[in-house]
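Student: Handing you this structure, nothing more for now.
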Amino acid sequence: LSKSAMATRIAILRKQLVLHTALAGGVALAVLLGAVGFIWHLVKRNAQLDETRRLNEELAALGSLAANLAHEIRNPLNALSINLELLEEDLAVRRTPVDTVELARREVGRLSRLVNDFLVYARPTAPSMEEFDGGELLSDVSALLTSTCQRFGVELKVECPGVRVHGDRGQLRQVLVNLALNAVQAMDGLPRRQVGLRAQAEGDAVVLEVADTGPGVPEGELRRVREAFYTRRKGGTGLGLAIADRIVTAHRGRLELANGREGGLVARVVLPGPGHEEV
């Protein structure tokens, strides 16, 4: 080869070497930057997880403290309620006006219900699962509601075409009673008052339904009514739907709330059917 050809060849090889070196350096730099970015993401993620864990620990401690406090408050409330009842009876015998004492006893009773509901909400019990007849569950709920429905002038209808339910019978009874009591109280003063209880199978799911002929709930509030301490009724604790929602979630189901086509509110407890784990 001539010197000029050799120089040309060397120049080409030099350019290729520089190009490959630059390419390798760029790839290495990109990998390094990617590694640094990934490590930074992991560090931030770890910091967020630590913060979330710390917050959860604080909330758990606060919840435990609040539950213990509520438990301690309940005992003197019970004692106050008993003594106010005795005082009311004593004043009635003496023919002394007892309006103030009666009002105080009602308020103590309301506080006691609030504390009891809060304890149920703060200390949920894992469901004891069993399979049972849905008709028997609705019969139990109907028996518990009969006196209240008679007092409010509400017609109670029960419909259950032989449905088997898998869940905690006591907890589901509590859910349906809470939903039905909300329905009864929402219809106070209305000309047409009716509550329907129904159990039916829908595919792999079982649906327990409570429907009323009340005014329903404004669409903007449907999502909020199940929040703890949110209530649209004077004197309510705001925990009934929150407790019901928590119990249904523990059963791997869901609580659906919607306004009926002809008015009123329809509450549906959708549960996995027997032999199914979730809906």
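Student: Would you mind checking which residues have amide H under 5 Å from Val158's amide H? H placed 1.01 Å from N; only 5 or more apart, or other chain.
Tutor: Those lying under 5 Å, H to H, from Val158 are Leu197.
Student: In addition: What ranking do 125-133, 246-254 get when scored by the average of other Cβ atoms within 10 Å per residue, highest first? Spell out each step's value before the answer.
Tutor: On the way: 125-133: 12.1, 246-254: 18.8.
Going from most to least packed, we get 246-254, 125-133.
Student: Mind ordering 209-216, 16-23, 109-116 by average Cβ neighbours within 10 Å, highest first?
Tutor: Details: 209-216: 21.0, 16-23: 10.0, 109-116: 16.4.
Going from most to least packed, we get 209-216, 109-116, 16-23.
Student: Estimate the FRET efficiency between Ala35 and Leu13 by the formula 1/(1 + (r/R0)^6), using the beta-carbon distance for r and 45 Å for R0, to the nearest 0.05. Don't skip to the end; give the middle numbers.
Tutor: Working: r = 32 Å, r/R0 = 0.71.
That pair, Ala35 with Leu13, gives E of 0.90.
Student: Taking a ≥ b ≥ c as the square roots of the eigenvalues of the Cα gyration tensor of segment 129-176, is the shape rounded (a/c under 1.5), prolate (a/b larger than b/c) or oblate?
Tutor: Details: a/c = 3.68, a/b = 1.85, b/c = 1.99.
It comes out oblate by the Cα gyration axes.
Student: Given the options Pro218, Val165, Val141, identify the residue whose Cα lies farthest towards the positive end of the charge dipole of segment 133-264 (+1 on Cβ of Lys, Arg; -1 on Cβ of Asp, Glu).
Tutor: Of the candidates, Pro218 comes out farthest on the positive side.
Student: While we're here: How much net charge surrounds Ala242 when only other residues with a Cβ under 12 Å from its Cβ are counted (Lys, Arg +1; Asp, Glu -1)? Walk me through the numbers on the way to the answer.
Tutor: Values: positive: Arg224, Arg226, Arg246; negative: Asp117, Glu227, Asp245.
Surrounding charge for Ala242 is 0.
Every number in this text was worked out from the coordinates using simple rules, so none of it is lab data. Because the structure is a prediction, the values reported are computed rather than measured. As a convention, Cβ positions derive from the backbone with ideal geometry for all residues, glycine included, and neighbour counts pool all protein chains shown.
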